[in-house]
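Read the structure below first, then the notes.
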There are 2 protein chains.
Amino acid sequence: MNISIGGLAGRTGAKVQTIRYYEQIALMPEPQRTHGGQRRYEAGAVKRLAFIRHARLLGFSLDQIRNLLDLADHPGRDCTSADSIAREHLGAVKAKIAALNSLKKELTRMVKTCSGTDAAHCLVIETLANHDLCSSANHGVVT
Amino acid sequence: MNISIGGLAGRTGAKVQTIRYYEQIALMPEPQRTHGGQRRYEAGAVKRLAFIRHARLLGFSLDQIRNLLDLADHPGRDCTSADSIAREHLGAVKAKIAALNSLKKELTRMVKTCSGTDAAHCLVIETLANHDLCSSANHGVVT
DNA sequence: TCTTGAACCTCTAGTCACTGTAGAGATTAA
DNA sequence: TTAATCTCTACAGTGACTAGAGGTTCAAGA
């Protein structure tokens with residue numbers, strides 16, 4: 001193996017800077033260096049980074065990923081906490097979907113009725129200015 | 001009127017620090033001050049801040065809100081751009097919902113089959129380690 | 001009028017997960 | 001050998017706030 005940081009980036013889809021960042025926050029271990037100071041990675045690094053990127057794509061936070069990696073590094077350990085991290089995240093995703101759906105409804109109502117004339121009679125602006133025109137108790141999402 | 005920053009916060013649900021932040025980025029105008037230097041707000045400030053908070057609840061960015069406020073300040077102007085800001089935002093919300101739904105599917109599959117034993121056979125960890133076990137082409141969301 | 005304590009002030013730094021830049025040095029292919 | 005490409009460190013910036021330190025002002029009660 002012994003690939004450069006660019007090679008690792010190419011293999012995993014992560015950016016070079018992102019890899020260095022992961023090393024900085026100790027999510028990736030410090031690799032060996034060449035005589036000239038450049039990083040050289042083993043096969044294990046590709047696996048680990050792929051794990052991280054995949055978990056990021058699924059929306060896990062780096063802190064959650066840190067815990068998941070810790071578990072992955074110790075195969076004998078009880079995996080209940082991995083399960084609960086995933087369940088917790090699933091719950092958050094579901095909540096976000098619900099909030100966004102209520103948002104969508106509101107926005108659709110706002111947009112549908114805009115006649116596109118002057119701002120004085122624009123429903124978009126009017127709705128925003130006047131909370132009563134809106135059914136939003138609280139969408140609970142700030143995107 | 002002539003209320004303090006705390007009074008304004010109480011009336012709108014914004015935090016005191018947030019109001020000062022909005023002033024700093026020129027989203028809220030600089031209010032009058034008491035002899036001792038404390039902020040005192042007129043009724044217009046309550047309206048404007050309510051507009052901002054409402055728009056934030058609906059997920060608009062501060063930049064979008066800046067544009068919307070500009071339109072609200074000029075009632076004679078054409079409101080097409082307000083409409084298009086709202087439409088654009090609606091599109092983003094819809095896209096996010098779609099991405100989160102595909103995420104939810106994936107996570108549900110991951111979580112459902114976890115037997116809760118040791119990490120060596122944990123599907124959560126296995127799925128993350130092995131991209132092939134996962135149907136995610138790209139969920140497109142990083143939450 | 002004086003005292004008290006809650007609310008206010010400014011300023012700075014931190015959050016999350018990166019991304020981008022500058023200027024210098026290392027490596028590789030022709 | 002030289003040019004092109006890659007990599008290095010260090011730091012600033014993103015969005016939308018939030019938190020804290022350390023000091024000042026205001027309004028209400030005695």
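Restricting segment A:118-132 to residues that are at pLDDT below 75 and open to solvent by 70 Å² or more (accessible area, probe 1.4 Å), the residue that is nearest to the other protein chains (Cβ to nearest Cβ) is A:His131. Reported count of residues in segment B:93-107, each being closer than 16 Å to A:Ala55 by Cβ, open to solvent by 10 Å² or more (accessible area, probe 1.4 Å) and at the interface with another protein chain (Cβ under 7 Å from one of its Cβ atoms), is 1.
Residue by residue, here is whether (1) assigned by TED's automatic domain parsing to the domain that holds B:Ser84; (2) open to solvent by less than 30 Å² (accessible area, probe 1.4 Å); (3) assigned to a loop (DSSP other than H, G, I, E, B) holds:
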| residue | (1), (2), (3) |
| --- | --- |
| B:Ala14 | no, yes, yes |
| B:Gln17 | no, no, no |
| B:Tyr22 | no, yes, no |
| B:Leu27 | no, yes, yes |
| B:Gly36 | no, no, yes |
| B:Arg40 | no, no, no |
| B:Lys47 | no, no, no |
| B:Ala50 | no, no, no |
| B:Ala55 | no, yes, no |
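Taking the numbered list (1) near DNA strand D (Cβ under 9 Å from one of its atoms); (2) over 26 Å from A:Ala82 (Cα atoms) in turn, A:Gln24 passes all entries but (2).
Would it be correct to say that B:Phe60 is outside any helix (DSSP H, G or I) and among the aromatic types (Phe, Trp, Tyr)? It is true that B:Phe60 is outside any helix (DSSP H, G or I) and among the aromatic types (Phe, Trp, Tyr). Take segment A:63-91 and flag every residue that is closer than 21 Å to B:Lys96 by Cβ and surrounded by 15 or more Cβ atoms within 10 Å (Cβ to Cβ). Result: A:Gln64, A:Ala86, A:His89, A:Leu90. Inspection of segment B:19-38 finds no residue satisfying the criterion of being of a type in the set (Asp, Glu), more than 8 Å from chain A (Cβ to nearest Cβ) and away from DNA strand C (no atom under 16 Å from the Cβ). With respect to B:His89, determine if the residue is within 13 Å of DNA strand D (Cβ to nearest atom), touching a helix residue (DSSP H, G or I) at 6+ places or on another chain (Cβ under 8 Å) and at the interface with chain A (Cβ under 8 Å from one of its Cβ atoms). So B:His89 fits the description; yes. Of all residues in segment B:6-58, those being within 19 Å of B:Asp70 (Cα to Cα) and polar (S, T, N, Q) number 1. Selection of first residues in segment A:95-119 that are more than 11 Å from B:Leu90 (Cβ to Cβ) and of second residues that are modelled with pLDDT of 65 or more and among the small types (Gly, Ala, Ser), restricted to Cβ pairs under 6 Å at least 6 apart or on distinct chains, gives the following pairs, ordered by first then second residue: A:Asp118/B:Gly76. Taking the conditions exactly as written (surrounded by 15 or more Cβ atoms within 10 Å (Cβ to Cβ), more than 10 Å from every other protein chain (Cβ to nearest Cβ) and under 20 Å from the mean Cα position of the chain (by Cα)), does B:Ala9 satisfy them or not? Yes. Kindly check whether there is at least one residue in segment A:40-50 that is closer than 30 Å to B:Pro75 by Cβ and touching a Pro at 6+ places or on another chain (Cβ under 8 Å). No, segment A:40-50 contains no residue that is closer than 30 Å to B:Pro75 by Cβ and touching a Pro at 6+ places or on another chain (Cβ under 8 Å). When the residues of segment B:39-56 are filtered to those that are among the basic types (Lys, Arg) and within 14 Å of chain A (Cβ to nearest Cβ), the one that is nearest to B:His89 (Cα to Cα) is B:Arg56. In the set (1) touching a residue at least 24 places away in the same chain (Cβ under 8 Å); (2) crowded, with 17+ Cβ neighbours inside 10 Å; (3) under 21 Å from A:Arg66 (Cβ atoms), A:Ile3 fails one condition alone, (3).
The values are calculated or read from the model by the stated rules, or taken from the named source; none is laboratory data. As the structure is a computational prediction, the values presented were derived from the model and not from experiment. Cβ atoms come from the backbone with ideal geometry, glycine included; neighbour counts cover every protein chain shown. These area figures cover heavy atoms from the full protein model, side chains too; ligands, DNA and RNA do not enter into them. Shrake-Rupley method; radii C 1.70, N 1.55, O 1.52, S 1.80 Å.
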